[in-house]
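Heads up: the structure comes next, in structure tokens.
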Amino acid sequence: MTSNERANSIITDSLVNEYKQNGAVCIRNLLTHSEIDLLRQGIDENLANPSPRFKVASRPDDTGRFVEDFCTWEANPYYKQFIYESPCAAVAGLLMGSSISRLYHDHLLVKEANTKQVTPWHQDQPYYNIAGNQTCSFWIPIDPVSRHSTLEFIAGSHRDGHWFMPRTFMSLEAKWFPEGTLEEIPNIEDNRDAFPIIGWPVEPGDAIAFHMLTLHGARGTMPNEGRRRVFSVRFLGDDVRHSPRKWITSPDFSDITEQVKPGDAMDHPRFPIIWKSS
Ligand SMILES: O=C(O)CCC(=O)C(=O)O
């Protein structure tokens, strides 16, 4: 079966509706052993040769460690092959209801066992340089992840028009939109029962897809768990347009700011179209 055929056989109308309603779905057994192996090699290569964008997202006294890297697919042959050959781009196209899936960027997120650092609740789009509604990010673990340590979402939070203030994960600084210009994220963690929190324990091969405005976050990892290595790849659909900012976005795309006009599609070699509907 081609990856397109696999995507078509897995993505049912009910999964598309769940994506529309909740802004996040778990797709069981989307990826083959060899695709997960490709990501394992890609992550090894990435950690051995971190990019200038690599960052440690946990404090020095954390009992574990949380590291991230961004936008390395062009230099990493394993990531590149995965992005072009796995069914993810086709799945994103079907979930977004888009005629294309354009690559936005890749993102590595590794939490070692017993990492105390949480990933605070946030939306992704306020950190970015894009406007539009047809968006889809994948969160793909290559290790088993428990319900405790998995990525969690507030079901439906992408639909209510809120753009919440993006802040740095550790010091909670407002480095993007100026203070006071966007709504603050409610205190979800201390009031978990008041929110429709969804999340899934996952095995290698499963993938979570979510909208770039869905509120999401993750706890730390448990001492008795292994590493939580995650590859994330993010796609844009038909209606997404360049929305350059006055500040440096995360990831930093200031090098393309002059090359794609505000309001234009993200038509640039950094953002290739990976899938088109037939
Ligand atoms: O892996 C995590 O802890 C956070 C992931 C996340 O925020 C994202 O993929 O946008």
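Apply the Karplus curve 6.51 cos²θ - 1.76 cosθ + 1.60, θ = phi - 60°, to the phi angles in the stretch 251-259 and return the couplings in whole Hz, x for Gly and Pro.
Using θ = phi - 60°, the values come out as x, 7, 10, 5, 5, 9, 3, 7, 8 Hz.
Put +1 on the Cβ of each Lys and Arg and -1 on the Cβ of each Asp and Glu in the chain; which of 278, 50, 122 then has its Cα farthest toward the positive end of the dipole?
50
Ignoring ligands, DNA and RNA, please state the percent of accessible area on the chain from carbon and sulfur, probe 1.4 Å.
Its accessible area is 51 percent carbon and sulfur atoms.
Based on alpha-carbon centroids, what's the gap between the stretch 95-140 and the stretch 237-261 in Å, whole number please?
About 16 Å separates the Cα centre of the stretch 95-140 from the one of the stretch 237-261.
Could you give each residue of the stretch 265-270 its phi-based ³J(HN,Hα) in whole Hz, using Karplus coefficients 6.51, -1.76, 1.60 with θ = phi - 60°, and x for Gly or Pro?
4, 7, 8, 6, x, 5
List the lysines whose alpha-carbon lies under 27 Å from that of residue 20, not counting same-chain residues fewer than 8 positions away?
Those lysines meeting the cut-off are 276.
Between residue 203 and residue 181, with labels modelled 7 Å along Cα→Cβ, what's the label distance in nm to one decimal, could you check?
4.7 nm
Can you give the helix-only mean residue ellipticity at 222 nm for the chain, where every DSSP H stretch with n ≥ 4 adds -39500 (n - 2.57) and the sum goes over all residues, rounded to the nearest 500 deg cm²/dmol?
Computed ellipticity for the chain at 222 nm equals -5500 deg cm²/dmol.
On alpha-carbon atoms, Rg over Rh for the stretch 3-264 using Kirkwood Rh?
Over the Cα atoms of the stretch 3-264, Rg/Rh equals 0.93.
DSSP loop chymotrypsin sites (Phe, Trp or Tyr not before Pro) in the stretch 90-140 with at most 11 other Cβ atoms within 10 Å of their Cβ, which ones?
Qualifying residues, ordered by number: none.
Return the loop-located chymotrypsin sites (Phe, Trp or Tyr not before Pro) in the stretch 193-278 (DSSP other than H, G, I, E, B) with at most 15 other Cβ atoms within 10 Å of their own Cβ; answer none if there are none.
247
Which residue, 107, 94, 83, has the largest displacement toward the positive end of the dipole of the stretch 69-119 when charges sit on each Cβ (Lys, Arg +1; Asp, Glu -1)?
Among 107, 94, 83, the one farthest towards the positive end of the dipole of the stretch 69-119 is 94.
Please compute the modelled spin-label separation between residue 261 and residue 37, points set 7 Å along Cα→Cβ, answer in nm with one decimal.
Result: 4.8 nm between the two label points.
If Lys and Arg each add +1 and Asp and Glu each add -1, what is the summed charge of the other residues whose beta carbon sits under 9 Å from the beta carbon of residue 220?
Net of charged neighbours comes to +2.
Which percent, nearest 5, of DSSP beta bridges in the chain are antiparallel?
Close to 95 percent.
Using +1 on the beta carbon of Lys and Arg, -1 on that of Asp and Glu, and nothing else charged, what's the dipole of the stretch 59-141 about the Cα centre, debye to 20?
The calculated dipole for the stretch 59-141 is roughly 120 debye.
In debye to the nearest 20, how big a dipole does the chain give about its Cα centre with +1 on each Lys and Arg Cβ and -1 on each Asp and Glu Cβ?
Taking the Cα centre of the chain as origin, the dipole is about 100 debye.
Would you mind working out the accessible area per residue for the stretch 3-264, using a 1.4 Å probe, and quoting it in Å²?
42 Å²
The values are calculated or read from the model by the stated rules, or taken from the named source; none is laboratory data. Treat the numbers as computed from the prediction; the structure is a model and nothing was measured. In this analysis, Cβ positions are derived from the backbone assuming ideal geometry, glycine residues included, and neighbour counts consider all displayed protein chains. These area figures cover heavy atoms from the full protein model, side chains too; ligands, DNA and RNA do not enter into them. Shrake-Rupley method; radii C 1.70, N 1.55, O 1.52, S 1.80 Å.
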